[in-house]
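Let me begin by presenting the structure, written as structure tokens, before commenting on it.
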Amino acid sequence: MLDVRNDVGLTAYLVNESRARREELAADPLAREWISEEQRGAVRDLWDEFAESVYPHDDLVVSLRGRIVLEALSQALAKRGDTVLVVCGAGFSSYPWLLPFAAAMEVDLPHMVAAKRRRAAELRSAGVLDQREVEHVAADLNDPRARDRLLDRVRQLAAGRPIAYVAEGLVFYLPPDDARAVAGLGNSAGPDSVTVVSYWPLAAVDHPILAAQRRWFRKRAVPEDATYFTTGDLSAAAGGPVVNHSPEDLQRRYLGEVVVPETELIPEHVAVAGI
């Protein structure tokens, strides 16, 4: 039986299955390891249900998203080898183990943090993950006090070192004020930060695939309200200009052509600042 609640945490399982299906495109050889063999079949079934009800290309969108995040983080490390990684909405992402960060922190909902921490311990014991330290932090990012506590922990972890901050697959599920605050957490934590945020652009409010996703969320009692950003919003949050990557841009970058037009995809863009 798959232990998935009817909240946005279920998207972490969809994301993981998408990356496991397109491991080479996502450049994430650990993706398939995060879900145990006992649960993998149920996760595949969840993904297939989503594909039938919403759209069948989540493996493409999510893997492209992960690839550009990984590239941006690699650039941040090339710029400063002592960079500290902070990932909000970490889910089952592998970034702390794919790149040699000086220190790393993953932030998510409490039940997702418990699942990630448990599985990471199992994978370390099995020799799949190395023994590097990754701090797992449970936080409700809708709560300003929780964000303040998180900022204190990030600053302590960084100890004056630059921060590479990732908010992936997250801000569109938060109310507008909280979404803006979460998008800007890296900039708030300290100078010389690199910020990577995935988001839905304001122009996509009426996108048909997002409408289909809202209907699917409604069936599973997942909140369907969403926050949309402009690049100007993200530039203000990140404290500097952003480079924007659309799904079509990312297909050209990593596939050499547009295989599926954005009209047929969840229009998730990725903004990068500080590189």
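I'm checking my understanding of the structure. Among residues of segment 50-68 that are outside any loop (DSSP other than H, G, I, E, B) and free of Cβ contacts under 8 Å to residues at least 12 places away in the same chain, which one is least open to solvent (accessible area, probe 1.4 Å)? Step by step, filter segment 50-68, then rank; the result is Ala51.
Of all residues in segment 212-250, those satisfying the criterion of being of a type in the set (A, V, I, L, M) and surrounded by fewer than 17 Cβ atoms within 10 Å (Cβ to Cβ) are Ala212, Ala221, Ala236, Val243.
Kindly provide the set of residues from segment 163-183 that are more than 14 Å from the chain's Cα centre (by Cα), surrounded by 23 or more Cβ atoms within 10 Å (Cβ to Cβ) and assigned to a loop (DSSP other than H, G, I, E, B), ordered by number. Listed by number, the list is empty, since nothing qualifies. Considering (1) within 28 Å of Ala78 (Cα to Cα); (2) open to solvent by less than 50 Å² (accessible area, probe 1.4 Å), the lone condition that Trp200 does not fulfil carries the number (1). If I filter segment 30-44 for residues that are surrounded by fewer than 16 Cβ atoms within 10 Å (Cβ to Cβ), part of a loop (DSSP other than H, G, I, E, B) and modelled with pLDDT under 95, do I get at least one hit? Within segment 30-44 (the criterion being surrounded by fewer than 16 Cβ atoms within 10 Å (Cβ to Cβ), part of a loop (DSSP other than H, G, I, E, B) and modelled with pLDDT under 95), the answer is yes, since at least one residue qualifies.
Restricting attention to segment 127-152, the residues being open to solvent by 40 Å² or more (accessible area, probe 1.4 Å) and closer than 14 Å to Asp178 by Cα number 5. When Ala114 is tested against (1) in a helix (DSSP H, G or I); (2) surrounded by 15 or more Cβ atoms within 10 Å (Cβ to Cβ), only condition (2) is not met.
The values are calculated or read from the model by the stated rules, or taken from the named source; none is laboratory data. These numbers come from a predicted model, not from an experiment. Positions of Cβ are backbone-derived with ideal geometry, glycine not excepted, and every protein chain shown enters the neighbour counts. All accessible areas refer to the heavy atoms of the entire protein, side chains included, with ligands and DNA or RNA removed. Shrake-Rupley method; radii C 1.70, N 1.55, O 1.52, S 1.80 Å.
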